[in-house]
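Q: Take a look at this one; I'll ask things after.
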Amino acid sequence: MKLQLSRVVQGCRLGVLTGLGKSGQHSLELPGCLLYTRCATVPHLTQDTLHTLRDLPSVTQVSVDSLAEHQEVLEEFKEGVRNFAGLHDTVLFSSLHDSANTSPAGHVTNKTVSVWGSGGRIELTADRFMAIQEAIQPDCYQSMADGETWQANTSRKRVRKAVDRTLAHLDECLVLHQKSQELKQAEIFGVVEGGDIMEERLRSARETAKRPVGGFVLDGFHSAAMDQDVRAQLIRATSAELPQEKPRLVLGIGRPDEVISCAEAGVDLFESFFPFQVTERGCALSFDYTIDPDPETAGTSAPTVLELNGEMPAVKKLNGNGVTNMTPFEMNLKDKRYQDDFRPLVEGCGCYCCKKHMRAYVHHLLVTNELLGGVLLMLHNMAHYLGFFKALREAIASERLQDFKNRVLQCREGD
Amino acid sequence: MASVKAVSSAAPLALRIVAECPVSKARACTLTLPHCAVNTPVFMPVGTQGTLKGITVDQLEDLDCQICLGNTYHLGMRPGPELIEKANGLHGFMKWNRNLLTDSGGFQMVSLVELSEVTEQGVTFRSPYDGKEILLTPEQSIGIQNSLGSDIMMQLDDVVSSTVRGPRVEEAMHRSVRWLDRCITANKNPDRQNLFAIIQGGLDAKLRKACLDEMTKRDVPGFAIGGLSGGEEKDDFWKMVTLSTHHLPREKPRYLMGVGYALDLVVCVALGCDMFDCVFPTRTARFGSALVPWGSLQLKQKQYAKDFQPIDPDCQCPTCKRHTRAYLHALFKSDTAAMHHITIHNISYQLALMRSVRQSIIDQRFPEFVKAFMKRMFPSSDQYPSWAVEALQSVNITVS
């Protein structure tokens, strides 16, 4: 695995991660995202529907959360999750938790962490954690970590403990990693913890960087965990402690505005649980990320001018239709106004849903609770999200990041 | 009746009999409908609300499905006929370019809605969505189906449970005949949409025969055999089916409603039926049941957790080509895609079964096909259900 940086603009690292996968034939452009899955399947999608999407990320993310309960099966199968799940040729990244779910707190000990599958909690020691990785056979995986510091008001003592435990877990994992046949070609990512305490973040980053890791996972920055400015500051300072040539993946960040802010703070990789969450609330990503103004809308909505320091518009609570956690980046297709709307979800979108179907049909599927509703929304939302990342890279490459930010961050009012 | 004849002569349907079994009543036909030709015998998957249970229309096309169903009752309620008509019919609304068959809506009213009442005018029921009382007349049923634009519409019939006996059955039969005439008159698109009659008469051979006599006087484009598959004894069921096909005109398609178990399909093809529909293969898929030539696999059961074979090693469907029973078992615990995989497999199974049936009829080896099918489906011949053995025997196929 090799990271080639082509340029850094406003803190954003534009580059490409090469030499990925067993034979090193895969690459991933940065900033970019991993393909989100549950039990190694992109939610709602069969391989046939998934592969109607073009430009899928070359790296698929699986979580120990959804795979730990299948450890015995995978061990007997012997060929790893890629073959078990019938995936196409893809790089596998294995992380501890499924970021779309919030894990209950209070289950971390000095020696163990817990994951939650369909059958409830499974407690993992480093030995068991590594045995599961051997069964999964990922190309990259995050080391075991105590990531319980995302809750508000976590004490300094608890944060320090999390950093210490996570470093101890990493050392244990590294020892086992070096002995493992199955993980011989895999890369281990060290996890940076430290809550919202700067000195702990820096300590965690420095200590982790001393270890022979392939990359870094920035944990505990989940949307609910802290203010966006605090997060950006912490990440910027943390990044400065990490070697330039190794990739940094942030967990729990999905919203486009937060993605941009993290990318500016030096993050290379993101997850893609966000389009799944949008799908589950019956919404479609519809925010504009095209820099060249669309002649139709150019005159009607002037981009909001935002300060360079990452100030974001206040997120309007669009809960008029009873949809909780809805962000300004999406439209609620269950809303009655789409009942007879014969337009595609997003004009000009090339996804299967938008090329084939209209809002009125997707609305109908959602109000009648038909399974195809989730399928079509998931396809569109993933396509839109991937398109956003592509546009972000293009904006960095063409030095138009500010225009891009303005476009993405202009808060949408109605339709 | 003169106007009725004129309507049918312009019917947008052609039936070409490709081959007939020299032993049984089985036949292979090409049924040409407005959107494409359909090879019969055919199983028609049910897409109740304008969608086939998590499957995209492209996936359905890839499975070589030529006709599927929509339900008038559901679609009439949501999103409603006006909207669908504006979207260029159900084809345009769901973007399905092949054939659609719609039912009359009457069956759902009787089966789903409490407090429905049948009068000569129509079926009265209370809407489950807004509580309003609604009257569905034969004219309105056809009106909605005209808006949906289906290739085959079904008449509104007076549905009585197949286990009911007595004068109510006779009343329903006569009323269904009267409603057929009202439906024929109400059809605004006889040049684009075919209207099928539904033979009623419960389990009473005399009433069935009377209904057949009366309805076959009308020159409708096709006939359905209705009022069966509702929990009656299989012995009664097959006798009503074979009686019906005996009296139906050879040159028109015969549609046996609500039948979809593999054994029932094979037997009823032998008895002369061309078309079938049933929610069973898609519904059972969502509960983790995968159909195979030797029965079914309950994939949620623990015994499949470490079973690394495909559902059916001989199956050519996308699910069997890519996934194992063990993975589907695991996936069922976390995602709906597991249902989609099995739905695809089950539809593929039904369509492949009917293709094999058809080919065997064309190759003049249908009786041998039936024997091989039975052998595969049951561990031994003493487990063959007696009704199936008798039904097949009645058309000269001896399976045990």
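The values are calculated or read from the model by the stated rules, or taken from the named source; none is laboratory data. In this text the structure is predicted, and so the values were computed from the model without any measurement. Virtual Cβ from ideal backbone geometry, glycine too; neighbours counted across all protein chains shown. The area values use the complete protein model at the heavy-atom level, side chains included, leaving out ligands, DNA and RNA. Shrake-Rupley method; radii C 1.70, N 1.55, O 1.52, S 1.80 Å.
Q: How big is region B:192-262 along each principal axis, measuring the range of its Cα positions in Å and listing the largest first?
A: Here the spans come out as 36, 27, 17 Å, largest first.
Q: Which percent of the accessible heavy-atom area of region B:176-250 goes to carbon and sulfur, probe 1.4 angstrom?
A: Solvent-exposed carbon and sulfur of region B:176-250 make up 49 percent of the total.
Q: Taking only the alpha carbons of region B:193-312, what extent do you get along each of the three principal axes, in Å, biggest first?
A: Principal-axis extents of the Cα atoms in region B:193-312, largest first: 59, 32, 21 Å.
Q: Are there any residues in region A:106-121 with a reduction of at least 20 Å² in accessible surface when going from the isolated chain to the assembly of protein chains? Probe 1.4 Å, please list them by number.
A: Residues shielded by partner chains are A:Ser118.
Q: May I pose another question? Which value, in Å to one decimal place, does the Kirkwood hydrodynamic radius take for chain A when every pair of different Cα atoms is included?
A: 21.8 Å
Q: Once each part is reduced to its C-alpha centroid, what is the distance from region A:103-133 to region B:285-324 in angstrom?
A: If you average the Cα positions of each part, the centres end up 31 Å apart.
Q: Let me ask another. At a 1.4 Å probe, which residues in region B:76-113 are at least 30 Å² less accessible with all protein chains present than in their chain isolated?
A: Going by heavy-atom accessible area, the residues of region B:76-113 that drop by at least 30 Å² are B:Arg78, B:Leu83, B:Lys86, B:Phe93, B:Lys95.
Q: State which entries of A:Lys179/B:Lys300; A:Lys336/B:Lys53; B:Lys25/B:Lys206 exceed 25 angstrom in Cα-Cα distance in the structure shown.
A: Check vs 25 Å cut-off fails for A:Lys179/B:Lys300.
Q: Express in whole angstrom the spacing between the alpha-carbon centres of region A:345-377 and region A:189-248.
A: Between the Cα centres of region A:345-377 and region A:189-248 lies a distance of 39 Å.
Q: I've got another one for you. Any idea of A:Arg165's accessible area? Nearest 10 Å², probe 1.4 Å.
A: Spelled out: A:Arg165, probe radius 1.4 Å, area about 20 Å².
Q: Of A:Gly21, A:Gly32, A:Gly119, which is the most mobile in a GNM of chain A whose springs link Cα atoms less than 10 angstrom apart?
A: Ranking A:Gly21, A:Gly32, A:Gly119 by mean-square fluctuation puts A:Gly119 first.
Q: Based on DSSP, what percent of beta bridges with both residues in chain B are antiparallel, to the nearest 5?
A: Antiparallel bridges: around 50 percent, rounded to the nearest 5.
Q: Then there is this: Probe radius 1.4 Å, ligands and nucleic acids left out: which of A:His26, A:His107 has the largest accessible area, and how do the rest follow? Kindly include the intermediate steps, with their values, before the conclusion.
A: On the way: A:His26 30, A:His107 60 Å².
These residues rank, largest area first, as A:His107, A:His26.
Q: Express in Å², to the nearest 10, the accessible area of A:Asp196 obtained by rolling a 1.4 Å probe over the protein heavy atoms while all chains stay in place.
A: Surface accessible to solvent at A:Asp196 totals approximately 90 Å².
Q: At 222 nm, what value in deg cm²/dmol follows for chain B if DSSP H runs of at least 4 each add -39500 (n - 2.57) and the sum is divided by all its residues, to the nearest 500?
A: -12500 deg cm²/dmol
Q: Per-residue mean of other chain beta-carbon atoms within 10 angstrom of the beta-carbon, peptide A:350-361?
A: Per-residue shielding by partner chains comes out at 3.
Q: Using a Debye calculation, one point per C-alpha and no hydration shell, please list log10 I(q)/I(0) for region B:260-342 at q = 0.17, 0.19, 0.23 Å⁻¹ in order.
A: -0.69, -0.82, -1.08
Q: Also, quick follow-up: Note down the net charge around B:Leu69, summing +1 for each Lys or Arg and -1 for each Asp or Glu among other residues with Cβ under 10 Å from its Cβ. Numbers along the way, then the final one.
A: Working: positive: none; negative: B:Asp103, B:Asp277.
Surrounding charge for B:Leu69 is -2.
Q: Would you mind giving the mean number of other chain beta-carbons within 10 Å of the Cβ of each residue in B:46-52, as a whole number?
A: Going residue by residue through B:46-52 and averaging, the value is 4.
Q: In addition: Where only protein heavy atoms count, and the probe is 1.4 Å, what is the accessible area per residue for region B:161-221 in Å²?
A: 42 Å²
Q: Kindly work out what percent of the DSSP beta bridges joining two residues of region A:18-95 are antiparallel, to the nearest 5.
A: Antiparallel bridges: around 20 percent, rounded to the nearest 5.
Q: Can you tell which of B:Ala290, B:Ala330, B:Ala224 shows the greatest fluctuation in a Gaussian network model of chain B with Cα springs below 10 Å?
A: Per the Cα network of chain B with a 10 Å cutoff, B:Ala330 tops the list.
Q: At a probe radius of 1.4 Å, what is the per-residue accessible area of B:Asp264, in Å² to the nearest 10?
A: Its heavy atoms expose roughly 10 Å² to the probe.
Q: How big is the B-A contact in terms of buried accessible area, both chains counted, 1.4 Å probe, rounded to the nearest 100 Å²? Numbers along the way, then the final one.
A: Values: alone 16750 and 17760 Å², together 30980 Å².
Chains B and A together bury roughly 3500 Å² of accessible area.
Q: Also: Cα centroid distance between region B:180-258 and region B:368-383, in Å?
A: 30 Å
Q: With the calculation restricted to Cα positions, what are the radius of gyration and Dmax of region A:111-233 in angstrom?
A: Considering region A:111-233 through its Cα atoms, Rg and Dmax are 14.6, 43 Å.
Q: Using alpha-carbon pairs under 8 Å, 6+ residues apart, how would you state the relative contact order of region B:251-373 in percent?
A: 22 percent
Q: Still on this structure, please answer the following. So, counting K/R as plus one and D/E as minus one, what does the shell of residues with Cβ under 15 Å around B:Val241 add up to?
A: -2
Q: Sorted by average packing, counted as other Cβ atoms within 10 angstrom per residue and highest first, what order do B:19-28, A:179-188 take? Walk me through the numbers before you get to the answer.
A: Details: B:19-28: 20.0, A:179-188: 15.3.
The packing order, highest mean first, is B:19-28, A:179-188.
Q: 222 nm [θ] for chain A, helices only, -39500 (n - 2.57) per DSSP H run of 4+, per residue, to 500?
A: So the helix-based figure for chain A works out to -10500 deg cm²/dmol.
Q: Also, quick follow-up: Determine the per residue accessible area of chain A with all protein chains present and a 1.4 angstrom probe, expressed in square angstrom.
A: Details: 15970 Å² over 415 residues.
Value for chain A: 38 Å² per residue.
Q: May I ask for the Kirkwood hydrodynamic radius of the protein assembly as shown, worked out over all distinct Cα pairs and given in angstroms to one decimal?
A: Working: mean 1/r = 0.0340 Å⁻¹.
Evaluated on the protein assembly as shown, it is 29.4 Å.
Q: While we're on this one: Using a Gaussian network model on chain A with a 10 Å cutoff between Cα atoms, which of A:Pro212, A:Pro138, A:Pro275 fluctuates the most?
A: Highest fluctuation among the options: A:Pro212.
Q: Let me check something: with ligands and nucleic acids excluded, how do B:Arg325, B:Arg165 order by accessible area (1.4 Å probe), largest to smallest? Numbers along the way, then the final one.
A: Details: B:Arg325 20, B:Arg165 155 Å².
Most to least solvent-accessible, the answer reads B:Arg165, B:Arg325.
Q: With N residues in region A:164-271, what two-decimal value do you get for its Cα radius of gyration over 2.2 N^0.38 Å?
A: Scaled against compact globular proteins, the figure is 1.06.
Q: Accessible area of region A:231-295 with a 1.4 Å probe: how many percent of it is carbon plus sulfur?
A: Roughly 49 percent, rounded to a whole number.
Q: Summing Lys, Arg as +1 and Asp, Glu as -1, what charge do residues with Cβ under 10 Å from the Cβ of A:Gly86 carry, A:Gly86 excluded?
A: Net of charged neighbours comes to +3.
Q: Heavy atoms only, 1.4 Å probe, whole protein assembly: order B:Thr30, A:Thr290 by accessible area, highest first. Let's see the in-between values first.
A: On the way: B:Thr30 25, A:Thr290 65 Å².
Ranked from most to least accessible, the order is A:Thr290, B:Thr30.
Q: Taking the DSSP beta bridges in the protein assembly as shown as the whole, what percent of them are antiparallel, to the nearest 5?
A: Details: 42 of 86 bridges.
Looking only at bridges with both residues in the protein assembly as shown, the antiparallel portion is about 50 percent.
Q: From the alpha carbon gyration tensor of region B:169-208, can you work out the equivalent ellipsoid semi-axes (sqrt of 5 times each eigenvalue) and give them in Å, largest to smallest?
A: On the way: eigenvalues 122, 21, 5 Å².
Ellipsoid half-lengths, sorted descending, are 25, 10, 5 Å.
Q: Looking only at other chains, what is the average number of their beta-carbon atoms within 10 angstrom of each beta-carbon in A:37-47?
A: 6
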